[in-house]
Number of protein chains: 2
Amino acid sequence: MHPYSPSHLLLPNYVRNNVSALGLCSVMGSLIITVVGSTWMFARTGLSTTDKAIVCWFLISGLLHLLFEGYFLVYHATLLSRIDLPAQLWKEYAISDSRYLSEDTFVLAIERITVFLWGPLCLLAAAATAKSSYNRHALQMLGSTAHIYGCLLYIVTSWEEGHRHSRPEPYYFWLYFVGFNAPWIVIPSILIYRSFAQIAGAMKSAQELEENKASALVIADISLVPECR
Amino acid sequence: MHPYSPSHLLLPNYVRNNVSALGLCSVMGSLIITVVGSTWMFARTGLSTTDKAIVCWFLISGLLHLLFEGYFLVYHATLLSRIDLPAQLWKEYAISDSRYLSEDTFVLAIERITVFLWGPLCLLAAAATAKSSYNRHALQMLGSTAHIYGCLLYIVTSWEEGHRHSRPEPYYFWLYFVGFNAPWIVIPSILIYRSFAQIAGAMKSAQELEENKASALVIADISLVPECR
């Protein structure tokens with residue numbers, strides 16, 4: 001007997017969680033609050049509130065990809081019988097998507113790429129934003145496109161199968177499956193919109209600067225003509 | 001009897017192709033050459049050779065996504081029994097990946113997103129490059145990240161299953177499965193590298209222009225002080 005969907009799914013060696021859903025959510029919530037608090041305390045003075053929030057976003061995303069999803073990649077085969085804290089978190093989340101317990105090919109592939117590529121990339125984007133690097137918008141575009149595409153594929157593959165791996169109760173479907181994933185579509189969309197404007201503005205400035213320099217050269221040239229001195 | 005892998009795959013209503021592989025490749029090749037030729041002829045004078053090549057790349061990608069992959073989305077359920085040209089192209093390609101004939105969830109999901117999002121986006125990127133728009137690098141980053149991620153996922157999901165949907169002959173595995181997909185990892189990587197440099201350069205120029213304007217203001221201010229006139 002297990003709480004996962006579909007009910008005929010065979011999950012040998014399944015050991016029930018001994019920490020409640022509320023307890024697990026509190027642990028995850030506390031960790032996220034710690035990251036946000038530390039970022040706010042240690043961020044360079046002069047960094048705007050929006051930029052601090054963006055640093056937090058990429059830091060939290062990067063740490064989740066590397067640590068939480070990294071844990072899944074290492075222990076996915078024995079997750080069902082484990083009762084350490086990250087395993088209990090995964091087993092609770094899997095009530096909304098049992099593909100995390102059934103060695104689903106797509107979930108393994110997407111987690112592999114997320115851990116190895118998007119985890120480090122998010123940390124780079126956080127650092128670039130914190131330092132107001134010239135590369136911050138390019139990194140932000142890259143990371144945000146990856147987030148949106150990955151999250152869309154994750155939701156559409158489940159939809160193609162009629163969400164049969166998800167418990168139908170609104171709490172699991174809407175809070176866990178939709179609610180815990182939607183931020184990785186909504187926030188990256190806003191970030192891409194902002195980066196588009198910033199990049200286009202910079203491209204315009206670059207052209208203006210180029211034209212200024214060209215006309216300065218013309219003026220310098222005229223001053224060399226004796227009649228114009 | 002069918003040529004697809006694994007051999008025990010049930011493919012009812014399968015109708016064998018009546019055009020040879022060489023014939024099908026020639027058709028696809030001619031279409032691509034037509035697109036490249038037209039782009040080269042009708043491109044704005046002053047557009048560099050590299051930019052013309054980038055326009056071709058996004059135009060070909062966008063047309064493949066919208067028309068060829070769009071055809072798959074519409075007819076995937078009856079592909080096996082069809083003998084029109086695009087169906088024969090898909091049935092030939094599927095020898096290297098039978099997931100295109102078996103209603104595979106992942107393939108359907110990724111094609112759905114490719115047709116609806118990345119097709120139009122590639123055409124936008126082609127137009128932006130052709131017009132040297134300020135948005136061209138942002139669009140190029142978006143489209144190229146999507147291509148790399150999609151292609152990586154496509155290859156890694158197949159790898160997770162031991163490439164059991166692909167015929168093991170080098171011709172099918174290396175030419176069709178790897179060869180026909182690798183360009184969407186290699187070329188986008190180069191484009192992202194180029195856009196990174198362009199965007200960072202523009203960001204630097206924007207800051208320089210900002211500083212120039214600020215110092216011009218200071219000079220203007222000093223000239224207002226009577227003693228400095």
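The values are calculated or read from the model by the stated rules, or taken from the named source; none is laboratory data. Predicted model, so just to flag it, every value in this text is computed and none were measured. Cβ coordinates were reconstructed from backbone atoms using ideal geometry, including for glycine residues, and neighbour counts include every protein chain displayed. Side chains included, ligands, DNA and RNA excluded: accessible areas come from the protein's heavy atoms. Shrake-Rupley method; radii C 1.70, N 1.55, O 1.52, S 1.80 Å.
What to note about this one:
- Placing a label point 7 Å from the Cα of A:Ser48 along the Cα-to-Cβ direction, the distances to the matching points in the other copies come to 3.1 nm, shortest first.
- Scattering curve values for segment A:36-89, log₁₀ I(q)/I(0), Debye with Cα scatterers, q = 0.12, 0.24, 0.31 Å⁻¹: -0.42, -0.85, -1.14
- Normalised convex hull volume, segment A:109-229, alpha-carbon set, Å³ per residue: 137
- Converting phi to 3J(HN,Hα) with the Karplus coefficients 6.51, -1.76 and 1.60 and the offset θ = phi - 60°, segment A:8-13 yields 7, 4, 8, 10, x, 6 Hz in sequence order, with x at every glycine or proline.
- Once the Cα atoms are used to define both axes, helix B:21-42 deviates from the longest principal axis of chain B by about 20 degrees.
- For A:Leu10 and B:Val186, the FRET efficiency from 1/(1 + (r/R0)^6), where r spans their Cβ atoms and R0 equals 51 Å, is about 0.75.
- Once the Cα atoms are used to define both axes, helix B:136-160 deviates from the longest principal axis of chain B by about 30 degrees.
- All-pairs Cα distance distribution in segment A:1-136, expressed in whole percent, bin size 5 Å: 2, 10, 17, 18, 16, 13, 10, 7, 4, 2, 1, 0
- Judged by the ratio a/c of the largest to the smallest principal axis of the C-alpha gyration tensor, the protein assembly as shown counts as oblate, that ratio being 1.5 or greater while a/b is no larger than b/c.
- Computed over chain B, relative contact order equals 24 percent, with contacts defined as Cα pairs under 8 Å that lie 6+ residues apart.
- Buried solvent-accessible surface, both chains (A, B), 1.4 Å probe, Å² to nearest 100: 4000
- Calculated over chain B: convex hull of Cα atoms, volume per residue (Å³): 148
- Principal-axis tilt of helix B:49-63 within chain B, Cα atoms, nearest 10 degrees: 50
- Residue-averaged [θ]222 nm for chain B, counting only DSSP H segments that reach four residues, each worth -39500 (n - 2.57): -20500 deg cm²/dmol
- Put the Cα centre of segment B:31-74 next to the Cα centre of segment A:110-141 and the gap is 30 Å.
- Residue-level accessible surface for A:Met41, protein heavy atoms, 1.4 Å, Å²: 140
- Projecting 7 Å from Cα along the Cα-to-Cβ direction, the label point of B:Lys204 sits 2.3 nm from its equivalents in the other copies, listed shortest first.
- Counting only protein chain heavy atoms and rolling a 1.4 Å probe, the accessible areas of B:Ile113, B:Ile155 rank, largest first, as B:Ile155, B:Ile113.
- Using a probe radius of 1.4 angstrom, the carbon and sulfur fraction of the accessible surface of segment B:94-169 is 64%.
- Cβ-vector label at 7 Å, A:Val156, separations to other copies in nm: 1.7
- Proximal lysines to B:Lys204, defined as alpha-carbon separation beneath 30 angstrom and excluding residues fewer than eight positions away on the same chain: A:Lys52, A:Lys131, A:Lys204, A:Lys213, B:Lys52, B:Lys131, B:Lys213
- Local electrostatic count, B:Ala202, Cβ distance below 12 Å [Lys/Arg +1, Asp/Glu -1]: 0
- Accessible area per residue in Å² at 1.4 Å probe, computed on chain B: 50
- Heavy atoms of B:Ser30 accessible to a 1.4 Å probe, total area in Å² rounded to 10: 60
- Note on surface exposure: A:Lys91, A:Lys52, B:Lys204 rank B:Lys204, A:Lys52, A:Lys91 by accessible area, highest first, 1.4 Å probe.
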